[in-house]
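Step one of this worksheet: look at the structure below.
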Amino acid sequence: MKNTYFKKVAVACVATFAFIGLHNSTVEAITQYQFVNVDSMAEIGQAYGPIMYEMKQENKQSNDEKEFVLNKPDLMEDQNAKTEAAAPVISESQAAEPETVNPAPAVEEPAAAPAAPSVSISAEEKDLFARLVEAEAKGESYEGKVAVATVVLNRVDSPEFPNTVTEVINEVVGDAYAFSPVQNGEINKPASDEAIQAVEEALKRQDRLNDCIYFYNPDIATDSWIRTRETVKTIGNHVFAK
């Protein structure tokens, strides 16, 4: 009966320590020891004294470790920093970097070819044309020479005149040629480089002078009819009309 009593007391003590929050490792340590039959409190002390001492030491060590960690927040911050450092770091520039698109190679546009004359005439006819311009607009500006050549081409396009440059230049009106240089022979003189260039520009038909088909010098013109024509432009000593 006495032995049973002491056994119950010993078991109750062990259970009490387990419920007051001892660490799991402490309970495991208790279960590792062999149960000892005792008949007195002294025997209990002798049998379980080492066990209780080890339990207290382990519990004290566990509490000390917890208190040390709680009192050293730097350790937890270091541990968190190590965890973050182990993870790969992706910068905002890397995350938002767009895909590189190779631009299409530039295609060089072919050089524009010089404008071709809109009116095609033979070299012989072009020479006749330039000589007429030289004789009619000698002493006039380059613009004035281009304007005289333009009148000749406008006559070719007009239904009131012949259909070729040569026929327009050699046209006879009444008892005289339409152009006085043909009448007086000045057309037989060679053309200047400026007159030749003026013919080339007029053949491109960029400016048709509002389709003028007449020109005259008001200071020396003797035909009163020509003065009745609608004036479009005056260049130098010539009036251009239609």
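The values are calculated or read from the model by the stated rules, or taken from the named source; none is laboratory data. Remember, it's a predicted structure, so these values are computed and weren't measured experimentally. As a convention, Cβ positions derive from the backbone with ideal geometry for all residues, glycine included, and neighbour counts pool all protein chains shown. Side chains are part of the model used for accessible areas, which takes the heavy atoms of the whole protein and leaves out ligands, DNA and RNA. Shrake-Rupley method; radii C 1.70, N 1.55, O 1.52, S 1.80 Å.
A few notes on this one:
- Average accessible area per residue (Å²) across segment 108-242 - probe 1.4 Å, nucleic acids and ligands excluded: 57
- Relative packing of peptides 151-160, 169-178, 212-221, 197-206 - highest average C-beta neighbours within 10 Å first: 197-206, 151-160, 212-221, 169-178
- Note on segment 172-234: with neighbouring protein chains present and a 1.4 Å probe, carbon and sulfur make up 44 percent of its accessible heavy-atom surface.
- Sites Lys233 and Tyr177, calculated FRET efficiency, Cβ-Cβ separation with R0 25 Å, nearest 0.05: 0.55
- Cut-off 11 Å between beta-carbons: net charge of the residues surrounding Val148, Lys and Arg +1, Asp and Glu -1: -2
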